[in-house]
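Okay, so here's the structure we're looking at.
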Amino acid sequence: MHEDKAILLAEALESGEFPQTSTALCRLEPLVDGLSDGKRVIYPTGYCCLGVACEIALRNGVEMVVLDGIERSYDGESTYLPSKVMEFFGFKTHTGSVGVGPRIINPNDSEAQYVELASANDNKVPFAKIAAYIRANYETL
């Protein structure tokens, strides 16, 4: 990942402008899922850390087709990074894989370790922790 773009993304994640959600780059309407044990999980409106990357790319002149529904899609992608965003930031994969870098540790469960930004985000690693990881390990992303 490009160092200047890593700083740009980390600052956006830390800004408080983007509420965090999971399982979608950008969720425009809350979603309730039924689980097999009968519990209900609400996915709030907001952005995945990779969705924030998409928004920052747009603000910096990357042209994409953006479609809004329950979820926002960027060049047809609503779950993983579109190629144009990967190129803008210099990501090596569509999920923000950490490659040979250290695992991302969940501050709420030190035994939980993730090998991609998308998984860390979907398992509720806060944006501040993801931003700190990006700053320290951008070269592996």
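Results, tabulated for the structure shown:
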{"read-out": "Conditions (1) farther than 19 Å from T45 by Cα; (2) within 15 Å of the chain's Cα centre (by Cα); number of the one not met by L81", "value": "(1)"}
{"read-out": "I42 vs. criteria more than 13 Å from the chain's Cα centre (by Cα) and outside any loop (DSSP other than H, G, I, E, B)", "value": "yes"}
{"read-out": "Hits in region 89-141 - residues which are more than 22 Å from F18 (Cα to Cα) and touching a residue at least 40 places away in the same chain (Cβ under 8 Å)", "value": "K92, V98, G99, V100, G101, E139, T140"}
{"read-out": "Subset tally (residues that are in a loop (DSSP other than H, G, I, E, B) and aliphatic (A, V, I, L, M)) for region 83-141", "value": "5"}
{"read-out": "G69 vs. criteria free of Cβ contacts under 8 Å to residues at least 12 places away in the same chain, over 22 Å from T140 (Cα atoms) and out of contact with any Lys or Arg (no Cβ under 7 Å at 6 or more places or on another chain)", "value": "no"}
{"read-out": "K84 being at pLDDT 95 or above and either among the charged types (D, E, K, R) or crowded, with 20+ Cβ neighbours inside 10 Å (or both)", "value": "yes"}
{"read-out": "Any hit, region 124-136, residues being of a type in the set (A, V, I, L, M) and over 13 Å from the mean Cα position of the chain (by Cα)", "value": "yes"}
{"read-out": "Verdict on A10 being without any contact (Cβ under 8 Å) to a residue 60 or more places away in the chain, crowded, with 19+ Cβ neighbours inside 10 Å and in a helix (DSSP H, G or I)", "value": "no"}
{"read-out": "Residue match in region 47-56 (condition: surrounded by fewer than 20 Cβ atoms within 10 Å (Cβ to Cβ), touching a helix residue (DSSP H, G or I) at 6+ places or on another chain (Cβ under 9 Å), closer than 24 Å to K124 by Cβ and hydroxyl-bearing (S, T, Y))", "value": "no"}
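Yes/no per residue for (1) out of contact with any Phe, Trp or Tyr (no Cβ under 7 Å at 6 or more places or on another chain); (2) at pLDDT 95 or above; (3) aliphatic (A, V, I, L, M):
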position: E17; (1), (2), (3): yes, yes, no
position: T23; (1), (2), (3): no, no, no
position: E29; (1), (2), (3): yes, no, no
position: L35; (1), (2), (3): yes, no, yes
position: G38; (1), (2), (3): yes, no, no
position: Y43; (1), (2), (3): yes, no, no
position: C54; (1), (2), (3): no, yes, no
position: G61; (1), (2), (3): yes, yes, no
position: L67; (1), (2), (3): yes, yes, yes
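The values are calculated or read from the model by the stated rules, or taken from the named source; none is laboratory data. Since we're looking at a predicted model, the values are computed, not measured. Methodologically, a virtual Cβ is constructed for each residue, glycine included, from the backbone with ideal geometry; neighbour enumeration extends over all protein chains shown.
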